[in-house]
Ligand SMILES: [Zn+2]
């Protein structure tokens, strides 16, 4: 008897969910706006670690009034900024979207190229001679924003912003209206001719009003008034926004300031279809590399961000009304502890010098393959990826497979646990294990010969500070929270992955999931429908971040009612 009852219950609840989903629709702007906030380098454990120090309106607004998945984890090994943002927006891993690293070796250009550089484009908003622009043309899959655009025949507007070009460009997708990022020295907002030939007036005005400059020569203090950083340039040195401000909460303030201006001037949330805004916050990553996840600075950064989020949610509430917005929060990757911190606890840890590893590899390979002459068999080692110099192997008539295996064996001599070659991953020849699957998901056909080193846990690719880029939990586990009328408030300790974000949002918006998406709809996050119940609550009953935390979730969340009867 148990089975039929359970299946009836499951059937009923899926009907209820479908009824609820039916009310939300991207085609008539229900919701008016989806905001995805990606914190660059934000580990899943931070929200627990600082839980008793957060206020009610920031992180807790999402984790207590939204569906929160604390056990969300990337199921691939290449945990870095470009792959992470591509994964969140395409709902696929690198074997689907193609972005396997922030940069890779280009055998034709004989240098590393970035995941978004594109010679066919130019930067817009930069004066003087500048190298090529940026575009998302390396993406092998489309994104949530692209599907929104397709479904609404371009009526939905899609924007992404970040301090970093790769984070903004990959998030805006192929059809985004614009991606904006900063020129590092001045901090002014720029874009690429891929999107437009000139900055819009509002961006020019923003830049001209010296908004970046006001964050220079300031003191960043923690809650107790201790000065953690000053943002003044050293005597005689020119000011560099990214260097001086980038690793402080002022950089997040600056991004939110730009986001508010963008929403106002582009009238986001005021169109005939659902709009999408992706805000990638870079400051946590810039600071995290320097001081590690266990430092007082990272704690102060998290607490400052909590307040910044609260202010932004308040703005969303006033500007669009929180009943008309869905908010998602996640991160592109975590980070390893500083090797010195782990070592103090008797946990083996190591900070590698990428340059030294490359020299070691070339020495070992030369001794084995061409004892008479030393050659540069490894063109670049960008932890944990070794990029091969095909010409050097060609001279020995070595095939890709053999060349990559030789490099892999040399990597093991440097202390790596193992390796996966491009040729091996291309053929799907990986062991049927969790680790094998993670590297299979990290494969991309975009780059030429390469080998993934499998590092030992707590080994990082930098002699100073710390890093990410491993398949271990400290790098893969990130928060995932979804706020909005379709989402049932609650903590779900079920298995979730960042690839589920775009798939879940697409399902609830009533549009196709991105082309190569492999994620699942997080059905446990969905609020049951409440068809035919009452009428639209008065405005004072609608969610507001400054007031809602004191109210029980059900009371502040009018569920399907607002979706059906709310303003168009
Ligand atoms: Zn980083």
**Complete:** Residue pairs qualifying under the 6 Å Cβ cut-off, at least six apart or on distinct chains, with the first in the range 279-303 being within 16 Å of residue 59 (Cβ to Cβ) and within 11 Å of the ligand (Cβ to nearest atom) and the second being assigned to a strand (DSSP E or B) and modelled with pLDDT of 95 or more, are 284/39
**Message:** Here is a list: 85, 97. Which entry is within 15 Å of the ligand (Cβ to nearest atom) and under 24 Å from residue 147 (Cα atoms)?
**Reply:** 85
**Prompt:** How many of the residues making up the range 347-379 are touching a helix residue (DSSP H, G or I) at 6+ places or on another chain (Cβ under 8 Å), surrounded by 19 or more Cβ atoms within 10 Å (Cβ to Cβ) and assigned to a strand (DSSP E or B)?
**Reply:** 2
**Item:** Among the residues listed as 469, 461, the single one being at pLDDT below 95 and within 16 Å of the ligand (Cβ to nearest atom)
**Value:** 461
**Test: residue in the range 52-63 that is within 16 Å of the ligand (Cβ to nearest atom) and within 23 Å of residue 309 (Cα to Cα)** = no
**Request:** Inspect all residues belonging to the range 331-354 and state whether any of them is over 19 Å from residue 459 (Cα atoms) and either at pLDDT below 95 or away from the ligand (no atom under 16 Å from the Cβ) (or both).
**Result:** no
**Request:** Scan (1) in a helix (DSSP H, G or I); (2) farther than 29 Å from residue 143 by Cα for the single condition residue 302 breaks and write down its number.
**Result:** (2)
**Item:** Leading residue by the ranking (surrounded by the fewest Cβ atoms within 10 Å (Cβ to Cβ)) among those in the range 495-518 that are in a loop (DSSP other than H, G, I, E, B) and touching a strand residue (DSSP E or B) at 6+ places or on another chain (Cβ under 7 Å)
**Value:** 510
**Prompt:** What residue, of 155, 164, 149, is touching a residue at least 24 places away in the same chain (Cβ under 8 Å), out of contact with any helix residue (DSSP H, G or I) (no Cβ under 6 Å at 6 or more places or on another chain) and under 29 Å from residue 244 (Cβ atoms)?
**Reply:** 164
**Prompt:** Restricted to the range 64-82, and to residues that are under 13 Å from residue 468 (Cβ atoms) and out of contact with any strand residue (DSSP E or B) (no Cβ under 7 Å at 6 or more places or on another chain), which residue is farthest from the ligand (Cβ to nearest atom)?
**Reply:** 76
**Message:** Please determine whether any residue of the range 145-153 is surrounded by 24 or more Cβ atoms within 10 Å (Cβ to Cβ), at positive phi and outside any helix (DSSP H, G or I).
**Reply:** no
**Message:** Which of the numbered conditions does residue 133 fail, given that it passes all the others? Conditions: (1) over 21 Å from residue 104 (Cα atoms); (2) in a strand (DSSP E or B).
**Reply:** (1)
**Message:** Tell me which strands (runs of 3 or more DSSP E) are completely within the range 155-244 and hold 2 or more residues being modelled with pLDDT of 95 or more and surrounded by 24 or more Cβ atoms within 10 Å (Cβ to Cβ), or say none if there are none.
**Reply:** 158-161, 178-182, 189-192
**Request:** Taking only the range 305-334 into account, find how many residues are in a loop (DSSP other than H, G, I, E, B), touching a strand residue (DSSP E or B) at 6+ places or on another chain (Cβ under 9 Å) and under 22 Å from residue 69 (Cα atoms).
**Result:** 2
**Request:** Determine if the range 223-242 includes at least one residue that is within 30 Å of residue 79 (Cβ to Cβ) and within 21 Å of the chain's Cα centre (by Cα).
**Result:** yes
**Message:** Going by what's in this entry, would residue 276 be described as part of a strand (DSSP E or B) and either within 21 Å of the chain's Cα centre (by Cα) or in contact (Cβ under 8 Å) with a residue 60 or more places away in the chain (or both)?
**Reply:** yes
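The values are calculated or read from the model by the stated rules, or taken from the named source; none is laboratory data. Please read these numbers as outputs of a predicted model, since none were measured by experiment. In this analysis, Cβ positions are derived from the backbone assuming ideal geometry, glycine residues included, and neighbour counts consider all displayed protein chains.
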